[in-house]
Amino acid sequence: MRKNKLFLTLFVSLLMLSSAAWSDDAEDNYKNYCWQCHGMTGDGMGLNVQDMSVQPRDHTSAKAMGGRSDADLFKVIKEGGLAIDKSVLMPPWRNSLSDDEIHDLVKYLRKLCQCG
Amino acid sequence: MKYLFLFVALTVANAALADDGMLILQKRCVSCHEISGPAAQSVQELWQRKGPDLFYAGSKYNAEWLEKWLVKPRRIRPAGHHPIQHTQPGKKRDMVDTTTLMSHPALSPSDAEEVTEALMKLKSSAEMMGTAVFKGGSISVSFGEMVFDKFNGCMACHEIEPGYGGLSGPEVYTAAKRYQADYLVSFITDPQAWNPKTPMPNRHVSAPNIQKIVQYLQALAKENWDEKK
């Protein structure tokens, strides 16, 4: 009976795993959600900038990024630009990224700017 | 009795068209399009898919538009299906490398009719569609543009007329021609229900504003920018 329960638990866990979207690494997430505005190299000169009313932040600039705490970066990625009184053009990504993925992205941004 | 016979004959003819269309889909389309599902579950898996998923095409596309487009395909996404694969850093900004963009093959009118018939039978699940529907109504292009761009920033990724707007997403000036209104409401409400890894964010637009955005897309489509190109 106990063995059966264990198998059932294992089976249900596997089912849940197979139906959930995977967690992606920070570089893949950056190249799926961020680069089109912030640039392939993170310099803020992305594919979409030509007609944007507010220019995206240069993630490679220690000056532009140094003033932002990790908590601010986490918040702006999760909740969008308006959450930190910045542009509506920066969308909230909380339905696309888990909290763990956002924390990984914050670390990735720190590598890009070599700051913090 | 006569009408019953006509109905049965039409139903049988449509089923035959759809069967033929499915054969064409399996032979010519599945190397680029997923027709059975599910959606990609990782970014890497997403990037391996060369074209949009079609396993819910019947809940997404307008059949009339689809059939015409298959005969005479034209680019809808200025930077291709996965822009990261067609972009290079430029002097002033990242630029689309047009030499890497591929054209969609054109089908004969009869093949397009059969394929459309088959695709329209591929429906989404109820979970994907959700409960929100388009309630009708209209809006001016200028007011709609405020909701679309100023309040929600959608133009950052989407062109609202040829050459004006973002390049990473599909053009939206033909969106209402291409897509069913209920699909547009559903996709804007919860893009990840359709495609967990889509680059389209859920902006948590209010339900009334989603209705206004779809009304705007319908007004924009009437400007027929695609025919002026």
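Taken together, the values in this text are just the output of simple stated rules run on the coordinates, not laboratory data. All values derive from a computational prediction rather than experimental measurement. Because the Cβ atoms are built from the backbone with ideal geometry, glycine has one as well, and the counts that use them run over all protein chains shown.
The table that follows gives values for the structure above.
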read-out	value
At R0 = 51 Å, FRET efficiency that the Cβ-Cβ distance of B:K222 and A:A71 yields, to 0.05	0.65
Estimated dipole of the protein assembly as shown in Debye, rounded to 20 [Cβ of Lys and Arg +1, of Asp and Glu -1, Cα centre]	260 debye
Hull volume in cubic angstrom per residue (convex hull over the Cα atoms of the protein assembly as shown)	191 Å³
Helical mean residue ellipticity (222 nm; -39500 (n - 2.57) per DSSP H run of 4+; nearest 500) of chain B	-11500 deg cm²/dmol
Chain B, dipole about Cα centre (Lys/Arg Cβ +1, Asp/Glu Cβ -1), debye to the nearest 20	420 debye
Dipole of the stretch A:23-113, positive end: most advanced residue of A:V106, A:W35, A:A62 [Cβ charges, Cα centre]	A:A62
Furthest towards positive pole of dipole, B:L66, B:Q26, B:P89, structure part the stretch B:2-119, Cβ charges	B:P89
Members of A:K31/B:K228; A:K78/A:K107; A:K31/B:K68; B:K91/B:K150 lying beyond 22 Å, as alpha-carbon distances in this model show	A:K31/B:K228; A:K31/B:K68; B:K91/B:K150
Coarse-grained scattering of chain B at q = 0.08, 0.09, 0.11 Å⁻¹, given as base-10 log I(q)/I(0) from a Debye sum over alpha-carbon atoms	-0.32, -0.41, -0.61
Computed label-point distance, nm, for sites B:K27 and B:S110 using a 7 Å Cα→Cβ extension	1.2 nm
P(r) tail fraction, the stretch B:126-228 - alpha-carbon pairs more than 21 Å apart, %	27 percent
Most fluctuating residue given options B:Q211, B:Q26, B:Q180, as computed from a GNM of chain B linking Cα atoms under 10 Å	B:Q26
At least 30 Å along the helix axis (C-alpha) and Kyte average at least 0.0, DSSP helices within chain B	B:2-24
Approximate shape of the stretch B:83-173 as ellipsoid semi-axes (Cα gyration tensor, √5λ), whole Å, largest first	29, 26, 14
Anchor B:K92: aspartates and glutamates whose Cα lies under 12 Å away (excluding residues fewer than 8 positions away in-chain)	A:D43
Cβ-based charge dipole, the stretch B:92-212, positive-most Cα from B:A126, B:Q180, B:F148	B:F148
Kirkwood hydrodynamic radius (C-alpha pairs) into Stokes-Einstein, the stretch B:156-209, 20 °C and 1.002 mPa s, D in µm²/s	179 µm²/s
Kirkwood Rh in Å, taken over the stretch B:183-227 so that all alpha-carbon pairs contribute	11.5 Å
Length-normalised contact order for chain B - Cα pairs under 8 Å, 6+ apart - percent	23 percent
Cα Rg, Dmax, the stretch A:23-113, angstrom units	11.9, 32
